[in-house]
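Peer 1: Sharing a structure with you now.
The values are calculated or read from the model by the stated rules, or taken from the named source; none is laboratory data. What you see is a predicted model, and the numbers here were worked out from it, not measured in a lab. Methodologically, a virtual Cβ is constructed for each residue, glycine included, from the backbone with ideal geometry; neighbour enumeration extends over all protein chains shown. For the accessible areas, the whole protein counts, side chains as well, though only heavy atoms, and no ligand, DNA or RNA atoms are used. Shrake-Rupley method; radii C 1.70, N 1.55, O 1.52, S 1.80 Å.
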Amino acid sequence: MLIAASHYGWNSRISLHLDHAMEESISLELIKGKNLNQNGLFEYISIRQSTRNDYDGKSISKEDWMKIIDAANGEDVEVLVFKDQKEMNSIIPFVKEGAILQFQNQAFVDELIQWIRFNESKAEKTGDGLSGKVTGNPSVPTWLGKIFMGLSVSPEKEADKYEELILNSSGLMLFIAKRNDKKAWINLGRSFERAVLMATSLGINHAHMNMPCEEEAVRKKLVSYLKLEKNMTPLLLIRLGYSEKMPYSYRRPLEEVLV
Ligand SMILES: Cc1cc2nc3c(=O)[nH]c(=O)nc-3n(C[C@H](O)[C@H](O)[C@H](O)COP(=O)(O)O)c2cc1C
């Protein structure tokens with residue numbers, strides 16, 4: 001919203017209202033502006049996507065890394081990048097351990113299944129979720145998809161799949177909140193969005209590899225391995241690389257999400 005606002009000629013002021021748990025909100029005030037902070041990312045909003053296919057392993061140039069890291073820089077956030085195979089290899093065990101824990105957790109698998117749209121008619125009806133064409137899976141009836149998932153998901157196989165995806169990536173990027181609080185989480189989300197829009201502008205795709213951040217026991221190991229200071233909290237891990245774009249995920253109409 002901020003990037004689009006400045007593109008259309010508005011400066012924005014954000015205030016966070018986080019004091020009352022039941023009434024938390026972020027307000028965004030738009031002021032018709034001069035000296036707009038335009039960063040050229042607007043036109044990539046509709047091109048960016050989470051691209052979950054195999055990447056081709058080609059290296060990202062030093063200049064492009066600098067641009068992506070610069071775009072990510074901001075308040076409350078630190079980013080670490082793992083730029084070659086050796087650096088990425090050091091992170092793979094954490095990803096695999098996180099993936100195994102998640103896929104051993106029935107509640108996680110159940111939630112994942114209810115978010116998967118096993119066929120296009122369901123995906124179109126709900127206008128959200130993870131559809132087969134976005135993830136590269138065939139379209140099947142929902143009942144069959146659920147049975148298939150129940151039979152075929154093995155935590156170890158899932159973990160191996162993620163290892164494979166990292167092995168053909170050009171790099172990993174870890175977004176770390178300097179404190180584990182809501183203001184830092186919000187700023188980290190903004191940092192992530194700027195970084196991936198910049199990557200998109202450079203023809204570089206991205207996809208999430210969040211497992212080591214989401215499983216607290218693994219996150220603690222990662223913090224200790226990376227020798228991060230107290231309170232520093234890794235929250236998002238993505239892979240970056242080059243590949244063909246996939247079909248785009250569904251978007252609900254604006255009227256459905258705007259009050
Ligand atoms: C905070 C956050 C965490 C996410 N974690 C995952 C993830 O663990 N695995 C995954 O495949 N996608 C993940 N995604 C990507 C979303 O599934 C994706 O953004 C959404 O489906 C919309 O698709 P798009 O990014 O292609 O527009 C995450 C996105 C966000 C914002």
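Peer 1: Picking from L16, L236, L41, which is most flexible by a Gaussian network model of the chain using Cα springs under 10 Å?
Peer 2: L16
Peer 1: Let me spell out the model: positive unit charges on the Cβ of Lys and Arg, negative unit charges on the Cβ of Asp and Glu, origin at the Cα centre of segment 6-138. What dipole size does that give, in debye rounded to 20?
Peer 2: 500 debye
Peer 1: If you don't mind, there's one more thing I want to ask. As a quick test, which of the pairs K83/K182; K96/K227; K58/K83 have an alpha carbon distance above 18 angstrom in this structure?
Peer 2: Beyond 18 Å between Cα atoms: K83/K182; K96/K227.
Peer 1: A further question on this structure: Of the accessible area of the chain, with the probe set at 1.4 angstrom, what percent is carbon plus sulfur?
Peer 2: Numbers: 8180 of 14990 Å².
It is 55 percent, rounded to a whole number.
Peer 1: If you stretched the chain out fully between V140 and L80, how much longer would it get, using 0.36 nm times the residue separation minus the C-alpha to C-alpha distance?
Peer 2: Answer, rounded to one decimal: 17.6 nm.
Peer 1: Could you size up the charge dipole of segment 143-257 around its Cα centre, putting +1 on the beta carbon of Lys and Arg and -1 on that of Asp and Glu, and report it in debye to the nearest 20?
Peer 2: Dipole of segment 143-257, to the nearest 20 debye: 500 debye.
Peer 1: Sequence gap at least 6, Cα distance under 8 Å: using those rules, report the relative contact order of the chain to the nearest whole percent.
Peer 2: Computed value for the chain: 28 percent relative contact order.
Peer 1: Follow-up. As a test of the formula, what do you get for the chain when each DSSP H run with n ≥ 4 contributes -39,500 (n - 2.57) and the sum is divided by the residue count, at 222 nm and rounded to the nearest 500 deg cm²/dmol?
Peer 2: Computed mean residue ellipticity for the chain: -12500 deg cm²/dmol.
Peer 1: Label points 7 Å out from Cα along the Cβ direction at I147 and S46: separation in nm?
Peer 2: Each label point lies 7 Å from its Cα, and together they span 4.2 nm.
Peer 1: Pull out a ≥ b ≥ c, the square roots of the eigenvalues of the alpha-carbon gyration tensor of segment 165-259, then state rounded if a/c is under 1.5, prolate if not and a/b is larger than b/c, and oblate in the remaining case.
Peer 2: Oblate is the answer for segment 165-259, as a/c is 1.5 or above yet b/c matches or exceeds a/b.
Peer 1: Continuing with this model, one more query. From the square roots a ≥ b ≥ c of the eigenvalues of the alpha-carbon gyration tensor of segment 165-220, which class results: rounded (a/c under 1.5), prolate (a/b over b/c), or oblate? Don't jump to the answer; show the numbers that get you there.
Peer 2: On the way: a/c = 3.24, a/b = 1.26, b/c = 2.57.
Since a/c reaches 1.5 but b/c is at least a/b, the shape of segment 165-220 is classed as oblate.
Peer 1: For segment 250-259, take each phi angle, set θ = phi - 60°, evaluate the Karplus expression 6.51 cos²θ - 1.76 cosθ + 1.60, and give the result in whole Hz per residue in order, putting x for glycine and proline.
Peer 2: 6, 10, 6, x, 3, 4, 6, 10, 9, 9
Peer 1: Of all the C-alpha pairs in segment 98-213, what % are more than 17 Å from each other?
Peer 2: On the way: 4487 of 6670 pairs.
It works out to 67 percent of all Cα pairs.
Peer 1: Starting at the first residue of segment 24-30, write each ³J(HN,Hα) from the Karplus equation 6.51 cos²θ - 1.76 cosθ + 1.60 with θ = phi - 60°, in whole Hz, x for Gly and Pro.
Peer 2: Once rounded to whole Hz, the list reads 5, 7, 10, 10, 10, 9, 9.
Peer 1: Here's something else I'd like to know. How big is the equivalent ellipsoid of segment 29-114 along its three axes, where each semi-axis is √(5λ) from the Cα gyration tensor, reported in whole Å from largest to smallest?
Peer 2: Computed over segment 29-114, the values are 32, 22, 15 Å.
Peer 1: Which entries in K183/K230; K125/K146; K62/K183 show an alpha-carbon gap greater than 20 Å?
Peer 2: From K183/K230; K125/K146; K62/K183, over 20 Å: K62/K183.
Peer 1: Specify the residue with the greatest mean-square fluctuation among F148, F103, F94, computed from a Gaussian network of the chain linking alpha-carbon atoms under 10 Å apart.
Peer 2: Largest GNM mean-square fluctuation: F148.
Peer 1: With a ≥ b ≥ c the root eigenvalues of the C-alpha gyration tensor of the chain, is it rounded (a/c under 1.5), prolate (a/b larger than b/c) or oblate?
Peer 2: It is rounded, given that a/c, with a ≥ b ≥ c, falls under 1.5.
Peer 1: Hey, another quick one. Within segment 123-230, list the GluC sites (Glu not before Pro) lying in a DSSP loop whose Cβ has at most 15 other Cβ atoms in a 10 Å radius.
Peer 2: Here the GluC sites (Glu not before Pro) that fit, given the DSSP loop and packing criteria, are E229.
Peer 1: Can you give me the relative contact order of segment 111-194 as a percent, contacts being Cα pairs under 8 Å and 6 or more apart?
Peer 2: 18 percent
Peer 1: Separate question: Quick one: what are the phi-derived ³J(HN,Hα) couplings along segment 176-181, Karplus 6.51/-1.76/1.60 with θ = phi - 60°, whole Hz, x for glycine and proline?
Peer 2: Using θ = phi - 60°, the values come out as 10, 7, 6, 9, 8, 9 Hz.
Peer 1: While we're looking at this one, here's another question. Report relative contact order for segment 147-235 in percent, whole number only (criteria: Cα-Cα under 8 Å, sequence separation at least 6).
Peer 2: 37 percent
Peer 1: Cα to Cα, under 13 Å, and not fewer than 8 places away if on the same chain: which aspartates and glutamates meet these conditions relative to K245?
Peer 2: Correct list for K245: D54, D56.
Peer 1: OK, next. Given charges of +1 on the Cβ of Lys and Arg and -1 on the Cβ of Asp and Glu, with all other atoms neutral, how large is the dipole of the chain about its Cα centre, in debye to the nearest 20?
Peer 2: Value, rounded to 20: 340 debye.
Peer 1: State the Kirkwood hydrodynamic radius of segment 216-259 in Å, one decimal place, computed from all pairs of distinct Cα atoms.
Peer 2: It works out to 14.7 Å.
Peer 1: Hey, another quick one. Report the calculated FRET efficiency for E229 and Q106 (r = Cβ-Cβ distance, R0 = 41 Å), to the nearest 0.05.
Peer 2: 0.70
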